[in-house]
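The values are calculated or read from the model by the stated rules, or taken from the named source; none is laboratory data. The shown structure was predicted, so the numbers you read here are calculated from the model rather than taken from an experiment. Please note: Cβ atoms are built from the backbone with ideal geometry, for glycine as well, and neighbour counts cover all protein chains shown.
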Amino acid sequence: MSSNGSPSQIAEGTEQAEDRQKAANAAPQLQDVLRHTCPSPAGPRVLSTFRNILDRDSCDLVWVTKEWRPQQVTLHARTRTTAKIRQDVISSPKMQHTIEQLSSQNEVPKEALWRELNDILIEMGHTQTMPVVRWFGYVLSKIMRKIYSGVFVNEESIARLRASIGNNPVIFMPSHRSYADFLLMSYVCFHYNIMLPVIAAGMDFVSMWGVGRLLRDSGAFFIRRSFGNDKLYWAAFSEYVQTLITAGENPIEFFVEGTRSRTAKSLCPKLGLLSVALEPYLTGQVSDIVVVPINISYDRTLEETLYSYELLGVPKPKESTSGLFKALNVLDEQYGRIHIDFTEPISVNKFFGDLRSPKLMRPLHLPHQITPDESTRIIWLANYVVRQQQKNAVISLFSLAAVVITHHVLTKPRNQLLNMHQLTRQVASLKSAAESFGALIDCRDNLEVSLQNALHIHKSLIVTSKDGQVQVKNVAAAQAPIDPAKMKGHSLQDKTLQVGVPMVMLQHYVNQTLHLFICPAIVSLSVQQSINQGSGMKDDVFARYLFLRTLLSHEFILHKAWETMDFEQSIQQLQKLGVLDESLHDSMKLSLGSNSHLHQILCQLLLPFLAGYSSACSTMLEVPAGKTVSLNEALKSTQARLEKLLLSAQLNHHYSLSLDLLTAAVNSLSSMGAVIKNKENGKVLYSPNSNRLRQVTQIVGDFLQLVAPICRKSQDEQARLFITQAKARL
Amino acid sequence: MDTTGHGYESPPSVMRIKACASQEKNSGNSIITPERTVNTIPKKKQTALKWSGWGYNDTIVVCESNGNLYMTSDRYPHMKNKHVNQSVRLWLRDKLNMDLYDESKMVRSPVTPQMEISKPIVNEDFMKGLQSHNISYSMESDDRLFRGHGHTLDDIIHLRTGKIERVPDVVVWPGCHDDVVKIVNLATEHNVVIIPFGGGTNVTLALTCDPEEKRMIVSLDTSQMSRVLWVDKANMTACCESGIIGQDLERELSKHGVMSGHEPDSQEFSSLGGWVSTRASGMKKNQYGNIEDLVVHIRFVTPSGVMEKQSLGPRISSGPDFNHIILGSEGTLGVITEVIIKVRPVPEVRDFASYVFPEFQYGVDFMREVALKRAQPASLRLIDNEQYRMGQIYKDSLGIFGSILDSIKMFYLHSIAGYAEDKLCVVIAVFEGDKMDVHLQKTRIKKMTEKYRGLDAGNENGKRGYTLTFSIAYIRDACIDYGVLAESFETSVPWDRCANLCRSVKNTISRECKARGITHHETSCRVTQVYDAGACVYFYFAFHRGIMDFHKALKVYDEIEEVARDEVIACGGNISHHHGIGKKRQKWLPKQVSPLGVNLYRAVKQHIDPKNIFASGNLVDMKSSL
């Protein structure tokens, strides 16, 4: 361990530490609330409660033309036309107040502002119409039958949902991995006769000819991606959302992650829309809001290739209708199953405790400002929602296979190809580990058959030769040459992309499992390092664990309030699995157990992250004192540095190149105080905080070394050749 | 313009939520920070207002030797081109030995105080605290003097004769509720006296400092807390800081198309907090309510913490209404910082009317009938004969044609209709509402006047009578120059005792004057408010001091007023309708509210303010028991 400071010292004394303290203060109370309000489901989740809704008695035509008598969200709701909703927004006291203020502040005539507001609302508004929904549902049925082998919905969760709606506004918060999420949610609601959600969508689609209209008619409303200081827009948007909440005609649906996660990991929740949506509760306009986190798990993500390119910095094509048609070739492929689970509905009133009363002294037309207490709870709720989404995932066997395959590619010499037998064995052991971490694995038949089916779905990425050898396929070749000027990051060499794209695609599926493994992995690595340093004491381990957790808090959902709970749980699980030794009597001292293979796999999972973060540190360290860099510059030079490492075989995991990962790294360094964030003329610039950054770099480096030897052992000159030469058969 | 402080949230982000949190921390509970109101009266009030009398420095009533009467500024447009005719002049000379044509009596007050103000008592720790909180204050003599008095006759005479024994030692100007909390906490910690100061228009000696007080006295001037924090049109309420004065309040509210409708005579200078703490009444209370009807919510800072109800609902049944401990507390329990009041839309139409009745009794009977039918317009007042005649000094100067017309009118009134000039009385009415409403109200009132021999005297007379109210206090100051001491006092009384009370009090005063050898005096009264169960009666008593010096005259005045008050109470009236108790009427309080009532107040005081920080000495003299 470096003498510059222990991980715990680094973790403390930062902005984050203060926040954690705050969260810790709030924690006991909230823990209490959580225990009472969100009991864990009665039994373990099982696949048998999931039903394939494509597999139904009636034909699609009968299905889409069925009588539409949905279960109402709230009994008091009255159905409003689009024009009426717009009228309600415009005439709301809050909107009137805003217009008056803006008019007098900016000396703009009110009429101009009314007109502008009207335009904003027309641009924003949804126009849900059942004929379109039905027609669209018919087409979707046909498409889904073609590309999916089933859309499985947890019917127990549907029953639970039905029981908890009827009195209060409902917010659906699905995980967001694919554009298909939009359509699926409405499709499922239609199937189960639940009022169709109104969906908050980004403006990206509006420009797509026909598609914007189609989505609007299906119930999407559109929010600009950024509207800076446009107060009128902000007021219009929040009033629009709030009128939907208070009227309670439809469930509101939005993605708390803010955007599609390109990495298949959950993104850190965004709080803006959630805060706006909760305002009617906080100000006492509704007595409760029911939040329903929803997990949508895909066997294979439609956008998998696209995402890989995007993460490496190859620009994403702008959404266009012609692009959509081009993308229709995805219809020729198989994408396996989808699993949808509506998790335990959360009563915001019970979750928050009643916070309404202090606000009752303010008139409703004044904008509400979130108090620190509310802010703490909203952050908590947002994180809880994402965790619920994760906990209720259905993990595909392919994800586990991806972990095994990646581990193999990284650690074994070229001539040792993975065969089906080994793969099955290793997946089996990983499966039982995952299950002990609470995962529900999609394995309906015996493991071997299920695994083969799972691999078959991904045959464009993984090929199994006749002799049972499993290999990664190069998928990168078919793309058109990339204009270097358009690269978002560093202009990567062609050969880097050749290996990088499939590796990042593979990591996409590895990532699907990481919410299960991340805490145990961090604990494992911390234990190992602590033991190597001659300690192994629990509090020493905890300090190291805290550092890694803080470091990775922009990468994974590691809410501060849960750090102790997660730590204790991970230790228990790891002891059961034999990764940690259970037999020792001294409960304050930890040591490694017999299951070194799982320990290796777990630690290895952190490699791309630690490698990426370490490089980001080095890059920032090179910024001369007093100079600043933009995020983009930082990303570019870190990617360049990583590419060098990859080419010189000092690193062999291409996922470190991921721009998402590196962005998280910079943000994390910033919130740890190792990098200072400055705003100049609206541009965000970063400069190193040299002392702290050096400490962090040192500690990250120490951790990385522990992970790196596993691959370095098998790393010789050949290894580099293995990846680059084998591009055709990788 | 500051874009973050105006209640908007910028687009969603974690950072923004954090930013909000710190912002709120800084500004306490006052989350919204609307712009500061532009106060009509500056912070240094004496730069705009008279130091020794009522109203603006630039505004004095002048009567020239030819009988022309006017005010020296344009602030009161209705006070232009008045003419005191011979008959009024003679009547006044006869009654009050006051010759308005005698210009030599006209004295214009000196602009700067000619008085030695004692050195302030300074509590160093308190002052250090004040400085550390960055709260504005002043120890200058004129600032202190200005806040050491109200507008009681005693105050004015003392100012004019340079006999003010004790004034506050420092004037502080909190800018918001939180500042007040800090000041009150500091004062409690360091045992310093606080006397809240609003507009300084009381007539009850409420601001007079106790000469025996050895602690530092802080005058807490709320004038810089004058924002309208919000206007809620959905519920027709407005949240205002307590220091806003009446005219500023109406101006700010009118920007939102609403008004409070609270119009006490002192409306130009008195403050919202002052109204609440004295249980004020406005001229248009029939339509808009008295202050206790207007108040929805009060924020009250006391030495033992902040008291406020947690509800904006229109009514609560939750035991005694503790707002009523604040209403009328006269600065003895704490500081009112923010008040949520009801507001009404600015009326479409405002109209006036006046009616002449042959005798006072007819007028009272008419008023009673109006109250019975609950047909009262926004304002309705009955002016007795003496006041009607005194009001004749306000007659417009008329051209020859006007004079002739006037004479014809008078001839008709006196000779044909048979209304004796020394008996008739006048009713003045103000109507507000939409056209239809006003029309209906007017028709209804007209109908009722006929029953009591009332004659329509036109809306111009009504308008004049109503708006002249604002100049009465100026006249009072002018009278002093002519050797006439004048003061008002008021009461409320059940209907069946109203006329008798008016008569008896006048008789009593007359008797008392005679006993003291006062040859020139006049008492008039008006019935200014109608209620279901009674009315408010307002007396003016004036006498010429003759050879008495001011202090002797003041003593005599006080003696007579005391006897008059005894008579008021004996006739079924009470201690005060809206002026309050202050230090002037404490004597009658036990009798009025029962000794147990006084003890109850003492217990409240003891609990809220055990150190007697709010030691203005109003209501009950705490020294006698502490």
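Restricting attention to helices (runs of 4 or more DSSP H) lying wholly within segment A:10-112, give those where 1 or more residues are within 34 Å of the chain's Cα centre (by Cα) and modelled with pLDDT under 50.
Counting at least 1 such residues, we get A:15-37.
Check off (1) of a type outside the set (Phe, Trp, Tyr); (2) at pLDDT 90 or above; (3) more than 24 Å from the chain's Cα centre (by Cα) for A:LEU418 and give me the number that stays unchecked.
(2)
Going by the structure shown, is A:ILE346 within 12 Å of chain B (Cβ to nearest Cβ), farther than 30 Å from B:ASN235 by Cα and buried (at least 21 other Cβ atoms within 10 Å of the Cβ)?
no
When you scan segment A:336-348, do you find a residue that is within 29 Å of A:SER186 (Cα to Cα) and at pLDDT below 80, even just one?
Within segment A:336-348, not a single residue is within 29 Å of A:SER186 (Cα to Cα) and at pLDDT below 80.
Among the residues of segment B:341-357, is there at least one that is touching a Leu at 6+ places or on another chain (Cβ under 8 Å), crowded, with 23+ Cβ neighbours inside 10 Å and farther than 26 Å from B:SER271 by Cβ?
Yes, because at least one residue in segment B:341-357 is touching a Leu at 6+ places or on another chain (Cβ under 8 Å), crowded, with 23+ Cβ neighbours inside 10 Å and farther than 26 Å from B:SER271 by Cβ.
For B:LEU100, only one of the following conditions fails: (1) touching a Cys at 6+ places or on another chain (Cβ under 6 Å); (2) surrounded by fewer than 19 Cβ atoms within 10 Å (Cβ to Cβ). What is its number?
The failed condition is (2).
Just to be sure, is A:LEU418 within 14 Å of chain B (Cβ to nearest Cβ) and either within 22 Å of A:LEU607 (Cβ to Cβ) or touching a Phe, Trp or Tyr at 6+ places or on another chain (Cβ under 9 Å) (or both)?
no
Kindly provide the set of residues from segment B:236-257 that are within 14 Å of another protein chain (Cβ to nearest Cβ), closer than 14 Å to B:VAL38 by Cα and either part of a loop (DSSP other than H, G, I, E, B) or free of Cβ contacts under 8 Å to residues at least 40 places away in the same chain (or both), ordered by number.
Scanning segment B:236-257 gives a single hit, B:LYS255.
What number goes with the only condition from (1) at positive phi; (2) within 14 Å of chain B (Cβ to nearest Cβ); (3) surrounded by 23 or more Cβ atoms within 10 Å (Cβ to Cβ) that A:GLY248 does not pass?
(2)
From A:GLY258, A:GLY202, grab the single residue that is among the small types (Gly, Ala, Ser), touching a Leu at 6+ places or on another chain (Cβ under 8 Å), within 14 Å of chain B (Cβ to nearest Cβ) and surrounded by fewer than 21 Cβ atoms within 10 Å (Cβ to Cβ).
Unique residue meeting the criteria: A:GLY258.
Exactly one condition in (1) part of a loop (DSSP other than H, G, I, E, B); (2) touching a His at 6+ places or on another chain (Cβ under 9 Å); (3) under 24 Å from B:SER260 (Cα atoms) is false for B:SER226; which is it?
(2)
Could you list all residues from segment A:357-385 that are assigned to a helix (DSSP H, G or I), surrounded by 20 or more Cβ atoms within 10 Å (Cβ to Cβ) and within 14 Å of chain B (Cβ to nearest Cβ)?
Within segment A:357-385, A:GLU374, A:SER375, A:THR376, A:ARG377, A:ILE378, A:ILE379, A:TRP380, A:LEU381, A:ALA382, A:ASN383 meet the criteria.
Tell me which residues, restricted to segment A:392-403, are of a type outside the set (Ser, Thr, Tyr), touching a residue at least 60 places away in the same chain (Cβ under 8 Å) and in a helix (DSSP H, G or I).
A:PHE398, A:LEU400, A:ALA401, A:ALA402, A:VAL403
Out of the residues in segment B:418-455 meeting the condition of being of a type in the set (Val, Ile, Thr) and outside any helix (DSSP H, G or I), tell me which one is farthest from B:TYR388 (Cα to Cα).
Going through the qualifying residues, I end up with B:VAL430.
In this structure, does A:ASP354 turn out to be within 14 Å of chain B (Cβ to nearest Cβ) and under 30 Å from A:GLN101 (Cα atoms)?
no
In segment A:104-117, which residues are small (Gly, Ala, Ser) and within 12 Å of chain B (Cβ to nearest Cβ)?
Of everything in segment A:104-117, just one residue is small (Gly, Ala, Ser) and within 12 Å of chain B (Cβ to nearest Cβ), namely A:SER104.
How many residues does segment A:262-303 contain that are more than 14 Å from chain B (Cβ to nearest Cβ), touching a Pro at 6+ places or on another chain (Cβ under 6 Å) and in a helix (DSSP H, G or I)?
The total comes to 0.
Of all residues in segment B:50-60, how many are surrounded by fewer than 20 Cβ atoms within 10 Å (Cβ to Cβ) and within 15 Å of B:SER270 (Cβ to Cβ)?
1
Can you report the number of residues in segment B:576-626 which are in contact with a strand residue (DSSP E or B) (Cβ under 6 Å, 6 or more places away or on another chain), over 18 Å from B:PRO196 (Cβ atoms) and assigned to a helix (DSSP H, G or I)?
The number of residues fulfilling the criteria is 0.
Would you check if A:TYR148 is more than 15 Å from A:VAL292 (Cβ to Cβ), surrounded by 18 or more Cβ atoms within 10 Å (Cβ to Cβ), within 14 Å of chain B (Cβ to nearest Cβ) and in contact (Cβ under 8 Å) with a residue 12 or more places away in the chain?
It is false that A:TYR148 is more than 15 Å from A:VAL292 (Cβ to Cβ), surrounded by 18 or more Cβ atoms within 10 Å (Cβ to Cβ), within 14 Å of chain B (Cβ to nearest Cβ) and in contact (Cβ under 8 Å) with a residue 12 or more places away in the chain.
Answer yes or no as to whether A:ARG425 is within 14 Å of chain B (Cβ to nearest Cβ) and of a type outside the set (Asp, Glu).
It is false that A:ARG425 is within 14 Å of chain B (Cβ to nearest Cβ) and of a type outside the set (Asp, Glu).
List, please: which pairs have Cβ atoms under 7 Å, are six or more places apart or on different chains, and start with a residue in segment A:216-245 that is facing chain B (nearest Cβ under 9 Å) and end with one that is β-branched (Val, Ile, Thr) and surrounded by fewer than 19 Cβ atoms within 10 Å (Cβ to Cβ)?
A:ASN229/B:THR3
Conditions tested, residue by residue: (1) surrounded by fewer than 24 Cβ atoms within 10 Å (Cβ to Cβ); (2) modelled with pLDDT of 95 or more.
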{"residue": "A:VAL504", "(1), (2)": "no, no"}
{"residue": "A:ILE522", "(1), (2)": "no, yes"}
{"residue": "A:ASN532", "(1), (2)": "yes, no"}
{"residue": "A:ASP540", "(1), (2)": "no, no"}
